[in-house]
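See below for the structure under consideration.
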Amino acid sequence: MNPNLPLLSIITFLPLAGALVLLVLPGARLQKWWALGVSLATFVISCLLFVWWKAGEAGMQFVEQLPWVPQFDIQYFLGVDGLSLFLVLLTTLITVLVLLFSWEGVEKNLKGYLALMLALEAGMVGVFVALDLVLFYIFWELTLIPMYFLIGGWGDPHGTYTFLGRVMAWRVYAAVKFFLYTFVGSALMLVAILVLYAQGGTFDVLKLQALNLAPNLQTWLFLAFALAFAIKVPIFPFHTWLPDAHVAAPTGGSVILAAVLLKMGTYGFVRFCLPLFPEATRTFVPWIAGLAIVGILYGALVALVQKDVKALVAYSSVAHLGFVMLGIMALNAQGIAGATLQMVNHGLSTGALFLMVGMLYNRRHTRQLSDFGGLWKQIPVYGFLFLIVALSSAGLPGLNGFVGEFNILLGAFQANRVFAVLGTLGVILAAWYLLWAIRQMLHGPLTRPENQQLRDLTVREVITLTPLIILFFVIGLFPNLFFDKINPSAQAVADAVNRRSAAVSMTIDK
């Protein structure tokens, strides 16, 4: 049953309303409970999307459409399909877990931290449900501001960086770098959005997909959109902001950044680049797929030589999101469906890795691999859960990572066997650097006195990790619970891209 409720509006704006109320609430304890309660309510409501989902439909569901600025045909237009459903659920779940993790450890301006987290959740959900380009752009930009302040205000207090003769805190440099990279790409995307409006007279994404744009125009518009999304993913060589942002950000910011914000880029390719610019997409497939392969191998190799475990996890994201881009660029249903599920898998696995790195940092105030060793003897619950999380990230069969990567490689093999083989090397390298990190941290003698005093995970920390661990096994063992909802939309995108690009090619030939 699907009652006539504005579910998407509630899910999008409830966190923002909660953030505004939070600003006037007194007392740290009340503020924590309020933020956690708002995020938990948002997650529970978002689960109704899954419960009331109409199976087998490729189109948009839970659509809300109202005129907003009618003279320019700007609409308040929301909807979800199989490509966005689980990204919405991922966003609402991760926000709850981040706020639960942040129950302790945020020492300054707690109210501001919690309000920014809720505002960020609203922006991220909005990106995944907006079907009007102006509305999408507003939500896209909205996510920049909270993350900028979270990195710059609550990031790592240690370290400085000299930039243009000025000495600034490392976290401020990382925040500025994150903002400038993303904003430059966004500015070009805005120009492309305005050109699309001039061509079609609407900002409605679904209507714009029917436009037959000239190949040269498609190329330029594709490049403008693709640059914004490539920076956000990030695709090699646009990745240089990511390790700095991850290492400098507070743990909660790193989790949100890895689990959700990066998926805005990969989602953008599937939602906009492929259906709006099919001929240009096919033209640039070899280039983007090639960069994805470089990212897979480069990210894994650089992760292997990291001495900071947080930096290792950050570079692993470059590699894993290279897999997602490889699946998208296969331009077939299997690759796109695998990439969509792998966006979720990466969010769960890498989000859990950053949480566990943060839990250890709160105890030892160091992230250097050389400062650990033999931790399994002292904190066995932590060691056991870290092993499961690492194996999930490495793609062990039976866990979530394997399902997504396997479908991506099958889709890539149909499109380009060389790329598929090279991508498989990335799977081997991922197992290498993750098992190496496990050996460095958990095994061997417990020689350092500081580690002999460590306490194991608290009940709150175990509760924070438990939903993620459960989902590792649910997705790994029952993938059709997810593919049944993803596949129709993935097939529709693949069919539309291949059909429209073929039609354009025949027109040019004539």
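The values are calculated or read from the model by the stated rules, or taken from the named source; none is laboratory data. Keep in mind the model is a prediction, meaning the values are calculated, not measured. Quick reminder, even Gly has a Cβ in these numbers, built from the backbone with ideal geometry, and neighbours come from all protein chains shown. Note: accessible area is taken over every heavy atom of the protein model, side chains too, but ligands, DNA and RNA are not part of it. Shrake-Rupley method; radii C 1.70, N 1.55, O 1.52, S 1.80 Å.
Can you bin the stretch 293-429 into rounded, prolate or oblate? Criterion: square roots of the alpha carbon gyration tensor eigenvalues sorted a ≥ b ≥ c, rounded for a/c under 1.5, prolate for a/b above b/c, oblate for the rest. If you can, show how the numbers build up before the last one.
Working: a/c = 2.67, a/b = 2.01, b/c = 1.33.
In terms of gyration-tensor shape, prolate.
Once you have the Cα-Cα distance between residue 109 and residue 478, take 0.36 nm times their residue separation minus that, and quote the gain in nm to one decimal.
Working: separation 369, 0.36 × 369 = 132.84 nm, distance 4.25 nm.
Fully extending the segment from residue 109 to residue 478 adds 128.6 nm.
Run the accessible area of the chain with a 1.4 Å probe and give the carbon-and-sulfur part as a rounded percent.
On the way: 13130 of 19210 Å².
Of the solvent-accessible surface of the chain, carbon and sulfur hold 68 percent.
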| request: Report the residues of the stretch 410-447 in range of a label on residue 368: point 7 Å along Cα→C-beta, backbone N strictly under 13 Å from it. | output: none
| request: Mind scanning 108/377; 32/307; 111/377; 54/263; 108/310 and naming the pairs with a C-alpha gap bigger than 26 Å? | output: 108/377; 32/307; 111/377
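As a test of the definition: which semi-axes, in Å, follow for the stretch 396-463 when you take the square root of five times each eigenvalue of its alpha carbon gyration tensor? Largest first, please. It would help to have the intermediate numbers written out before the result.
On the way: eigenvalues 275, 55, 9 Å².
Working from the Cα gyration tensor, I get semi-axes of 37, 17, 7 Å.
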| field | Answer label for Rg and Dmax of the Cα atoms in Å (calculated), chosen among [x] 22.0, 77; [y] 21.4, 70; [z] 27.4, 90 | value | [x]
| Gyration tensor (Cα) of the stretch 287-330, equivalent ellipsoid semi-axes in angstrom | 21, 9, 5
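Placing unit charges on C-beta atoms (Lys and Arg positive, Asp and Glu negative, everything else neutral), compute the dipole magnitude of the chain about its Cα centre in debye, rounded to 20. Could the numbers behind the result be given before it?
Numbers: 28 positive and 22 negative charges, 179 e Å.
Dipole of the chain, to the nearest 20 debye: 860 debye.
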| query | Using a 1.4 angstrom probe and counting only protein chains, how large is the accessible area of residue 307 in Å², to 10? | reply | 150
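Rounded if a/c is under 1.5, else prolate if a/b is larger than b/c, else oblate: which is the stretch 1-89, with a ≥ b ≥ c the root eigenvalues of its Cα gyration tensor?
Details: a/c = 3.06, a/b = 1.48, b/c = 2.06.
Because a/c hits 1.5 or more and a/b fails to exceed b/c, the stretch 1-89 counts as oblate.
Which whole-number percent is the relative contact order of the chain (Cα, under 8 Å, 6+ apart)? Provide the component values of the computation, followed by the final result.
On the way: 864 pairs, mean separation 78.1, N = 510.
RCO, the chain: 15 percent.
Longest segment of the chain with no GluC sites (Glu not before Pro) in a DSSP loop having at most 12 other Cβ atoms within 10 Å?
108-510
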| remark: For residue 156, the accessible surface traced by a 1.4 Å probe with all protein chains present amounts, in square angstrom to the nearest 10, to 30
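Compute the convex hull volume of the Cα atoms of the stretch 52-180, divide it by the residue count, and report the result per residue in Å³ as a whole number. Mind dumping the intermediate values first?
Values: hull volume 19.3 nm³, N = 129.
So the per-residue hull volume is 150 Å³.
Could the peptides 281-290, 145-154 be put in order, highest first, of the mean number of other beta-carbon atoms found within 10 Å of their residues? Mind dumping the intermediate values first?
Working: 281-290: 17.8, 145-154: 21.7.
Result, highest mean Cβ count within 10 Å first: 145-154, 281-290.
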| task | Sticking with the crude label model, points 7 Å out along Cα→Cβ, report the distance from residue 68 to residue 377 in nm, one decimal please. | result | 6.0
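Assuming 0.36 nm per residue, please report the length gained on full extension of the stretch residue 207 to residue 294 beyond their Cα-Cα distance.
On the way: separation 87, 0.36 × 87 = 31.32 nm, distance 3.53 nm.
Working it through step by step, the gained length comes to 27.8 nm.
Could you provide, to the nearest whole Å², the per residue accessible area of the stretch 266-398 with probe 1.4 Å? Let's see the in-between values first.
On the way: 3180 Å² over 133 residues.
Heavy-atom accessible area per residue stands at 24 Å².
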| field | Neighbour-limited loop hits for chymotrypsin sites (Phe, Trp or Tyr not before Pro), the stretch 1-69 (at most 14 other Cβ within 10 Å; DSSP other than H, G, I, E, B) | value | 52
| query | Taking the alpha-carbon centroid of each part, what is the distance from the stretch 341-394 to the stretch 174-242 in angstrom? | reply | 35
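Just need the Rg to Rh number for the stretch 232-361, please, alpha carbons only, Kirkwood Rh. Mind showing how you got there, number by number?
Numbers: Rg = 14.5 Å, Rh = 14.7 Å.
Using only Cα positions, Rg/Rh for the stretch 232-361 is 0.99.
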| message | Could you compute how much accessible surface residue 418 exposes when probed at 1.4 Å, giving the result in Å² to the nearest 10? | response | 90
| field | Distribution of pairwise C-alpha distances over the stretch 353-413, 10 Å bins, in % | value | 19, 41, 23, 14, 2
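Using the Cα gyration tensor of the stretch 65-129, with a ≥ b ≥ c the square roots of its eigenvalues, what is the shape: rounded (a/c below 1.5), prolate (a/b larger than b/c) or oblate (neither)? List each step's numbers first, then the result.
Working: a/c = 5.78, a/b = 1.87, b/c = 3.10.
In terms of gyration-tensor shape, oblate.
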| task | Towards the positive end of the charge dipole of the chain, with charges on Cβ (+1 Lys, Arg; -1 Asp, Glu), say which of 467, 48, 69 has the farthest Cα. | result | 467
| Among 268, 138, 33 the positive-end extreme of the charge dipole of the chain (Cβ point charges) | 33
| Electrostatic dipole magnitude of the stretch 345-439 [Cβ: Lys, Arg +1; Asp, Glu -1; Cα centre; debye, to 20] | 240
